[in-house]
1. Filter region 76-134 down to the residues that are among the small types (G, A, S) and not in a helix (DSSP H, G or I) and list them by number.
2. Does L105 fit the bill of being touching a residue at least 24 places away in the same chain (Cβ under 8 Å), of a type outside the set (S, T, Y), within 16 Å of ligand 3 (Cβ to nearest atom) and touching a Pro at 6+ places or on another chain (Cβ under 7 Å)?
3. Restrict the check to region 98-108 and report whether at least one residue is closer than 21 Å to S72 by Cβ, surrounded by 22 or more Cβ atoms within 10 Å (Cβ to Cβ) and within 17 Å of the chain's Cα centre (by Cα).
4. Look through region 79-97, keep the residues that are within 16 Å of G109 (Cα to Cα) and more than 14 Å from ligand 2 (Cβ to nearest atom), and return whichever of them is modelled with the highest pLDDT.
5. For a quick check of your reading of the model, give me the residue pairs whose first member lies in region 166-183 and is within 12 Å of ligand 1 (Cβ to nearest atom), whose second is part of a loop (DSSP other than H, G, I, E, B) and hydrophobic (A, V, I, L, M, F, W, C), with beta-carbon atoms closer than 8 Å and at least 6 apart or on different chains.
6. Within the group T201, T188, T152, which residue is surrounded by 22 or more Cβ atoms within 10 Å (Cβ to Cβ) and either within 20 Å of A84 (Cβ to Cβ) or within 16 Å of ligand 3 (Cβ to nearest atom) (or both)?
7. Mind checking whether some residue in region 112-130 is among the small types (G, A, S) and in contact with a Leu (Cβ under 9 Å, 6 or more places away or on another chain)?
Amino acid sequence: RALKQGEFLLHFQPKINLTSGMITGAEALVRWSSPDRGLVYPKQFVPIAEESGLIVPIGRWVLREACRQVQSWLDAGLRAVPVAVNTSAVEFRHADFLEGVALILKETGLAPRYLELELTESVLMHDAESSASVLEALKAMGVRLAIDDFGTGYSSLSYLQRFPIDTLKIDRSFVTDIPDNLDDAAITRAIVALGKSMQLTVIAEGVEHEHQATFLREIGCDEVQGYYYSAPVDAEHFERLIRENLAAKVS
Ligand code: C2E
Ligand code: MG
Ligand code: MG
């Protein structure tokens, strides 16, 4: 019903380059604006949507809306940045997934390099052989690929090397207590080293404080995302962030 009545919306959270301070991307995050419950966050409905299979049409809406939004920013002459869309296992394994992505890119006219798909280790490693072929097909289309929540699932390092991945996203749980927690600091440092040695972009999620950003910059992490920079915001607000970011760099 929420789909039919157009009650889903997207918020966008900026990804920031730690060296230049520029916004380099956005992550699209779905919300449900329920007439009786107000704004409902994905934790409360995505798992149910995954169980019922409804994540497939919802995911398709998210993908289309994210692509449409970025194309409309490009059309308006804005310094548009690639948008990352979260993809659950049910969507990724769905027979029509690749066709759906290709169709949405065609319909919205968005160049594939402006789309990144975020997948978790658990999604990819479950039946890694078939994941590899889907990833290859996405890569051939020109879509960018990221591993989300990295370090919390189970990764086969040999597959990690075989998959045509562009980005590793360090899970927020490792970022929260850096640099004081020495274990988390060691893990974060190791993930950055692993990613860099495999020529991947490494981004840390959930950066809430300056000292976290300072540490991440010191260890060579490329990008950050988190409340310290900006919470996820609506499209209009995100557009403002892009304009201001550019203005700040020029002045
Ligand atoms: P995720 O992909 O790992 O997204 C990051 C989550 O961390 C987002 O929560 C974001 O708002 C939150 N976050 C960002 N910066 C900070 C920070 O500095 N501190 C803290 N404490 N949190 C931060 P959100 O939007 O509630 O989304 C939760 C999860 O729901 C996402 O985790 C993703 O797995 C899933 N999700 C969101 N949108 C979609 C979607 O369109 N499709 C699918 N399949 N899953 C989605
Ligand atoms: Mg994500
Ligand atoms: Mg994540």
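1. Within region 76-134, A76, G77, A80, A84, S88, A95, G109, A111 qualify.
2. When the stated conditions are applied, L105 does not pass them.
3. Scanning region 98-108 turns up at least one residue that is closer than 21 Å to S72 by Cβ, surrounded by 22 or more Cβ atoms within 10 Å (Cβ to Cβ) and within 17 Å of the chain's Cα centre (by Cα).
4. V81
5. Between residues of region 166-183 that are within 12 Å of ligand 1 (Cβ to nearest atom) and residues that are part of a loop (DSSP other than H, G, I, E, B) and hydrophobic (A, V, I, L, M, F, W, C), the close pairs are I170/C221; V175/V207.
6. Working: T201 fails: surrounded by 22 or more Cβ atoms within 10 Å (Cβ to Cβ); T152 fails: surrounded by 22 or more Cβ atoms within 10 Å (Cβ to Cβ).
When all the criteria are applied, what remains is T188.
7. No, the conditions are met nowhere in region 112-130.
Yes/no matrix, rows are residues, columns are (1) surrounded by 15 or more Cβ atoms within 10 Å (Cβ to Cβ); (2) touching a Ser or Thr at 6+ places or on another chain (Cβ under 8 Å):
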residue	(1), (2)
F12	yes, no
T19	no, no
R31	yes, no
F45	yes, no
E51	no, no
R60	yes, no
R64	yes, yes
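The values are calculated or read from the model by the stated rules, or taken from the named source; none is laboratory data. These numbers were taken from a predicted model, which means no experiment stands behind them. Counting neighbours? That spans all protein chains shown, and the Cβs are built from the backbone with ideal geometry, glycine included.
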